[in-house]
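The structure appears right after this line, and notes come after that.
The values are calculated or read from the model by the stated rules, or taken from the named source; none is laboratory data. Worth saying up front: this structure is predicted, and the values here are computed from it rather than measured. All Cβ positions, glycine included, derive from the backbone under ideal geometry; neighbour counts span all protein chains shown.
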Amino acid sequence: MADREKVAHLLRRATFGPTAEEVDAAEAKGPAATLDALFSPAGPDAGAARTPLPRLGPVVNEKTDRAERIRTVGAWWLDRMVQADHQVHEKLTFFWHGHWATSADKVKSGPLMLGQQQTLFRTALGDFATQVHTMLRDPALIVWLDGQKNTGKAPNENLARELMELFTLGVGHYTEQDVREGARALTGWTVEQKAGTATFNAKRHDDKPKTILGRTGNYDADGFADILLSQPGCPEFVARRLWLRYCSDAAIPQDVLDRAKTQATTAAMLRTLLESDGHAELVKQPVEWLVGALRQLRIRPGELNDAQRKQLASGLTQLGQVPLRPPSVGGWPAGAAWLTTSATQARIRLAQSLAARASQPVLDRLNSVPAPQRPTALSRLLVVDQFTDRTLAALTPAAGDARRLLALGLASPEYVIN
């Protein structure tokens, strides 16, 4: 594999979608230096600075204002994903959103969802233990999994079960008794929605001894978390989840898993996975597909009018992945689940609307070369290694119309699967 293909692959996996200029710069640096730059970026994130946290107005009308706040947070986050220069950090934050899948449909609070997004951002790159302890105090997650209903007199098992099954260990690494005992350890937390805080109420906590995964003690939330984090299967579980989303839907090679699970931080673990062998083609998630396209076409969501922003949101809804609204606590699906007939049709419609708003420099780049060479120029613009003969046969008749060519390229199998 040539250096350009290596760095293009690395950037496609580590970021939401590289621009041609970013690949040019990475090719000049080489794969090793590119990896260093991704995980140790120089200077502050100027793109993130251009997208400050949204200001959420007061709730006057309970129904409409709450919904508008949630839409505001979702639109802001999409803009941040496109604008951020430190793309590893931004994409990893979205990965964690799918991991700790919490939906505004139940939480019904823009401030709480924004607070969780910021928690995930702060803890995205660091050690997983810090993230687990922090998330057990996250108001949105507590509401989402009924933690505020969990009391010593009436334990609620939802958060304890998902903490073990979906967040730290996986199926088969705990018993139903562990779930019951873990729920007792998590009792006592309440949420004040207006203040956006979670508070521990000792009177609601079960302070009697619990036995969890063979250990007995008067455990609270932190003690429960420490037990889970000490299990050998915990770092392996996280490594497998990262491998699935970033590298391959096939099983992670044992030697790669052995190296990854010993890393001290999530960033170090992800870097180990990205520089390993065994990668395979992955279907882009809708958000990844859209953000990459917006970056490459130089379209900033925050500069679109209300109707155009609603069109983006509607497109993601039709594609089946809307930030802040995962379908269940299990998060979003992966792989071929995104390749249904209805999703393909929605992707084509959204690709056409994106091409219609592509920036003039993007159009000029395509139009600057003779029509027969434009499919090749398109592959470079969209960071596709090579279009198949079948795709080229569809692209060639559209070479005279840059916007139509862009739309076809964005909907092509080579762009959707990489």
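I'm trying to understand the selection: among the residues of the stretch 365-379, which are buried (at least 19 other Cβ atoms within 10 Å of the Cβ) and of a type in the set (A, V, I, L, M, F, W, C)? Within the stretch 365-379, 366, 377, 378 meet the criteria.
Can you report the number of residues in the stretch 392-417 which are within 29 Å of the chain's Cα centre (by Cα) and either crowded, with 21+ Cβ neighbours inside 10 Å or more than 22 Å from residue 21 (Cβ to Cβ) (or both)? Final tally of qualifying residues: 12. Among the criteria (1) more than 22 Å from residue 284 (Cβ to Cβ); (2) touching a Leu at 6+ places or on another chain (Cβ under 8 Å); (3) of a type outside the set (Val, Ile, Thr), the one residue 31 does not fulfil is (1). When 106, 194 are checked against the criterion of being assigned by TED's automatic domain parsing to the domain that holds residue 212 and basic (Lys, Arg), 194 stands alone in meeting it. Under the condition of being under 18 Å from residue 207 (Cα atoms) and within 30 Å of the chain's Cα centre (by Cα), the residues counted in the stretch 160-177 number 1.
Apart from one condition, residue 291 fits all of (1) surrounded by fewer than 22 Cβ atoms within 10 Å (Cβ to Cβ); (2) in contact with a Phe, Trp or Tyr (Cβ under 6 Å, 6 or more places away or on another chain); the exception is (1). Residues in the stretch 39-69 that are at pLDDT below 90, aliphatic (A, V, I, L, M) and surrounded by 10 or more Cβ atoms within 10 Å (Cβ to Cβ): 59 alone.
Scanning the stretch 339-364 for residues that are surrounded by 12 or more Cβ atoms within 10 Å (Cβ to Cβ) and touching a residue at least 60 places away in the same chain (Cβ under 8 Å) turns up 339, 344, 347, 348, 350, 351, 354, 357, 358, 359, 362.
To keep it simple, each residue is scored yes or no on (1) at pLDDT 95 or above; (2) touching a Ser or Thr at 6+ places or on another chain (Cβ under 8 Å); (3) surrounded by 15 or more Cβ atoms within 10 Å (Cβ to Cβ).
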| position | (1), (2), (3) |
| --- | --- |
| 151 | yes, yes, yes |
| 157 | yes, no, yes |
| 171 | yes, no, no |
| 192 | no, yes, no |
| 208 | yes, no, no |
| 213 | yes, no, yes |
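In the set (1) part of a helix (DSSP H, G or I); (2) within 25 Å of residue 33 (Cα to Cα); (3) free of Cβ contacts under 8 Å to residues at least 60 places away in the same chain, residue 248 fails one condition alone, (1).
Of the helices (runs of 4 or more DSSP H) lying entirely inside the stretch 269-370, the ones with 1 or more residues being more than 30 Å from residue 237 (Cβ to Cβ) and within 18 Å of the chain's Cα centre (by Cα) are found at 286-296, 306-319. For residues that are free of Cβ contacts under 8 Å to residues at least 40 places away in the same chain and in contact with a helix residue (DSSP H, G or I) (Cβ under 9 Å, 6 or more places away or on another chain), scanning just the stretch 227-239, find the one that is surrounded by the fewest Cβ atoms within 10 Å (Cβ to Cβ). If we take residues in the stretch 227-239 being free of Cβ contacts under 8 Å to residues at least 40 places away in the same chain and in contact with a helix residue (DSSP H, G or I) (Cβ under 9 Å, 6 or more places away or on another chain), then 236 is surrounded by the fewest Cβ atoms within 10 Å (Cβ to Cβ).
Residues are listed down the side, and each one gets a yes or a no for (1) part of a helix (DSSP H, G or I); (2) more than 15 Å from the chain's Cα centre (by Cα):
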residue	(1), (2)
11	yes, yes
18	no, yes
37	yes, yes
48	yes, yes
60	no, yes
67	yes, yes
92	yes, no
